[in-house]
1. What are the residue pairs meeting all of these: first residue in segment 99-111, first residue in contact (Cβ under 8 Å) with a residue 12 or more places away in the chain, second residue open to solvent by 10 Å² or more (accessible area, probe 1.4 Å) and within 12 Å of ligand 2 (Cβ to nearest atom), Cβ atoms under 6 Å, and 6 or more apart or on different chains?
2. In segment 7-55, what residues are touching a residue at least 60 places away in the same chain (Cβ under 8 Å) and open to solvent by 20 Å² or more (accessible area, probe 1.4 Å)?
3. Inside segment 50-116, counting only strands (runs of 3 or more DSSP E) that do not spill past its ends, which hold 2 or more residues that are in contact with a Ser or Thr (Cβ under 6 Å, 6 or more places away or on another chain) and more than 18 Å from residue 222 (Cβ to Cβ)?
4. Collect the residues in segment 205-227 that are in a strand (DSSP E or B), in contact (Cβ under 8 Å) with a residue 60 or more places away in the chain and away from ligand 2 (no atom under 15 Å from the Cβ), keeping them in residue-number order.
5. Output the residue which, of all residues in segment 171-192 that are closer than 24 Å to residue 210 by Cα and part of a strand (DSSP E or B), is farthest from ligand 1 (Cβ to nearest atom).
6. Could you list, in sequence order, all residues of segment 126-170 that are open to solvent by less than 30 Å² (accessible area, probe 1.4 Å), assigned to a loop (DSSP other than H, G, I, E, B) and either within 14 Å of ligand 1 (Cβ to nearest atom) or out of contact with any strand residue (DSSP E or B) (no Cβ under 6 Å at 6 or more places or on another chain) (or both)?
7. If residue 77 satisfies every condition in (1) at negative phi; (2) within 16 Å of ligand 2 (Cβ to nearest atom) but one, which is the exception?
Amino acid sequence: MIYLKTDEEIELMRDANRLVGSTLAEVAKNIREGVTTLSLDKLAETFIRDHGAIPSFLGYNGFPFSLCISVNEHVVHGFPSDYVLKAGDIVSVDCGTYLNGYCGDSAYTFTVGEVSPEVRQLLIATKHSLYLGIEQATEGKRIGDIGHAIQSYCESNSYSVVRELVGHGIGKKMHESPEVPNYGKKGYGSLLKTGMCIAIEPMINMGKRKVVFEKDGWTVRTGDRKPSAHFEHTVAIRAGKADILSTFEFIEEVLGERFI
Ligand code: MG
Ligand code: MG
């Protein structure tokens with residue numbers, strides 16, 4: 001069952017998603033060499049609660065943290081830990097909030113110090129593929145159009161698309177129907193209608209697409225241990241142009257020239 005949201009509900013979702021954007025900007029201010037990923041989790045939880053919201057990941061199916069922090073070969077769902085960030089790391093930070101009855105969900109992959117040109121290019125391509133997917137997220141298109149746009153761009157650049165994890169509908173619940181794969185066929189899948197809200201979140205590997213689920217029951221890493229990147233926006237379907245409810249603008253203000 002796909003729930004279509006009213007304009008009023010979409011504005012509430014925008015509030016939750018803008019809080020995700022400002023939380024990720026707080027992470028951006030603090031992410032650097034020598035910092036533990038657990039410290040980023042703590043500051044995000046405090047920031048979210050100080051703004052009257054709840055970190056929606058905390059306790060979700062037993063997930064024990066407020067952020068998913070996935071470093072280098074970790075794709076998604078990584079645990080914040082006492083790992084100390086070092087120059088050359090890439091850090092995918094996925095954040096969710098629950099505010100006034102609605103969920104926000106967005107992710108950004110940060111760089112620590114200098115990263116190799118190849119890794120930087122992976123991040124640029126992954127973020128670009130997110131916007132190619134968003135371009136397809138308009139009334140009358142189909143879910144497969146989104147995945148096709150992401151997949152064809154990434155594969156033509158010799159990257160691979162993770163299959164085991166996908167984007168999703170979002171609203172009062174963090175995960176609603178439909179699933180939003182980052183791969184697919186043009187013209188296939190659920191029809192997109194005004195009022196649908198979905199999280200589009202390409203997870204793109206530098207090497208092969210195969211992933212491994214770690215023994216902690218959550219962390220997903222690449223099978224070949226090459227790096228993986230993850231960027232995510234929550235969008236509302238409209239005629240003509242998707243309405244992006246989450247934002248990277250606060251992150252961009254913090255990172256300046258370091259913004260990918
Ligand atoms: Mg997310
Ligand atoms: Mg998501």
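The values are calculated or read from the model by the stated rules, or taken from the named source; none is laboratory data. On a predicted model such as this, the values are computed, not experimentally measured, just so you know. Using ideal geometry, Cβ is built from the backbone for each residue, glycine included, and neighbour counts are taken over all protein chains shown. To get the accessible areas, we keep the full protein, side chains included, count just its heavy atoms, and leave off ligands, DNA and RNA. Shrake-Rupley method; radii C 1.70, N 1.55, O 1.52, S 1.80 Å.
1. That search, which allows pairs on different chains as well, returns 103/56; 103/174; 107/94.
2. Of everything in segment 7-55, those that are touching a residue at least 60 places away in the same chain (Cβ under 8 Å) and open to solvent by 20 Å² or more (accessible area, probe 1.4 Å) turn out to be 9, 12, 14, 15, 18, 22, 29, 32, 33.
3. Hits in segment 50-116: 90-99, 102-111.
4. 205, 211, 221, 222
5. Among them, the one singled out is 178.
6. Scanning segment 126-170 gives 162, 165, 170.
7. Residue 77 satisfies every listed condition except (1).
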